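Notes follow the structure.
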Amino acid sequence: SYVSLNVVPNSADSTTAYDAMAKLVEGLRTSTNDSLFVLSNNGSFNPGYSLKTELPRSMADTLLKLPLGTVIGPYLDGSMWNIAKIIDRRLIPDSVRVSHIAMQNTPDNERRLDSLLNLLNAGSARFDSLAARFSQDTKSASKGGDLGWVGRTPEGNELANLIFYKAEQGKYYRLKNAQVLQLVQVTGKKFDKNETGVKAVFLN
């Protein structure tokens, strides 16, 4: 047998939670490292951008309209007090076309990839020719490194955050993780929906 006990916050609990969040407002407003501030205070930081449908419903319009740097809150989202800071806004492509040169992460390949990047930046070689010759992703290497059109998803990773939010079309970028080294080039962007994305940090 068991007994079910519903624990519901009373008004004093809500006031205490509100006051705790309110004390963080000025620190977030004046912070020079927003991601570090929120993570050190048990908040959340997404290095990508969120569309309106991916933002808290009660705050979506506000986050899309107020000036950059604005701190919002404390505001109630469900049963939780939150504060948010608007970091940036930009038009987000629906999809991008991307090419890469991929290699296993080894010291020799790291030096080789750096040499390829130097050739590209100097205009001494074509990306598709280098991909066909050096990329260890044999499927895309046969197409000059072309990965085709990639659709955006809310759940980003380092590559997605680069190609959708940071990379300039035609430029070359280097990525590295424990297994793979990559040279990446965005070769096309589509803006069919013309949606604006927001980069923000949240404390709750």
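Placing a pseudo-label 7 Å from each Cα along the Cα-to-Cβ vector at Asp88 and Ala20 gives an inter-label distance of 3.2 nm.
Please report the net charge: other residues with Cβ closer than 15 Å to the Cβ of Ile83, K and R +1, D and E -1. Net charge around Ile83: -1. Just so you know, the averaged projected area of the alpha carbon convex hull for the stretch 79-181 sits at 9.1 nm².
Working from label points 7 Å from Cα in the Cα-to-Cβ sense, the Ser58 to Thr153 distance is 3.0 nm. All other residues whose Cβ lies under 15 angstrom from that of Phe45 are scored, Lys and Arg at +1 and Asp and Glu at -1, for a net of -3.
If we count GluC sites (Glu not before Pro) as exposed when they sit in a DSSP loop and have at most 16 other beta carbons within 10 Å, what is the longest stretch of the chain that avoids them all? The reported range is 1-154.
Note on the chain: with neighbouring protein chains present and a 1.4 Å probe, carbon and sulfur make up 50 percent of its accessible heavy-atom surface. The 1.4 Å probe gives accessible areas that order Ser129, Ser79, largest first, as Ser79, Ser129.
Computed over the alpha-carbon atoms, the stretch 1-152 gives an Rg to Rh ratio of 1.19, Rh here being the Kirkwood radius from the mean inverse distance. About its Cα centre, the stretch 32-147 has a charge dipole of approximately 240 debye under the convention of +1 per Lys or Arg Cβ and -1 per Asp or Glu Cβ, with nothing else charged.
For the chain, the residue among Thr70, Gln136, Leu119 whose Cα projects farthest onto the positive side of the dipole built from Cβ charges is Leu119.
By the rule of a C-alpha distance below 17 Å, with chain neighbours fewer than 8 residues away ignored, the aspartates and glutamates paired with Lys52 are Asp61, Asp77, Asp88, Asp94, Glu155, Asp192, Glu195. With a threshold of 27 Å on the Cα-Cα distance, the over-threshold entries among Lys23/Lys176; Lys65/Lys193; Lys65/Lys166; Lys139/Lys189; Lys85/Lys176; Lys143/Lys190 are Lys23/Lys176; Lys85/Lys176. Note on the chain: with charges restricted to the Cβ of Lys and Arg (+1) and Asp and Glu (-1), its dipole about the Cα centre is near 680 debye. Loop sites only, by DSSP: take the trypsin sites (Lys or Arg not before Pro) in the chain that have at most 12 other C-beta atoms within 10 Å and name the longest stretch containing none of them. Free of exposed loop sites, the longest segment is 58-125.
The values are calculated or read from the model by the stated rules, or taken from the named source; none is laboratory data. Please read all numbers here as calculations on a predicted model, not as lab measurements. Please note: Cβ atoms are built from the backbone with ideal geometry, for glycine as well, and neighbour counts cover all protein chains shown. Heavy atoms of the whole protein, side chains included, go into the accessibility calculation; ligands, DNA and RNA do not. Shrake-Rupley method; radii C 1.70, N 1.55, O 1.52, S 1.80 Å.
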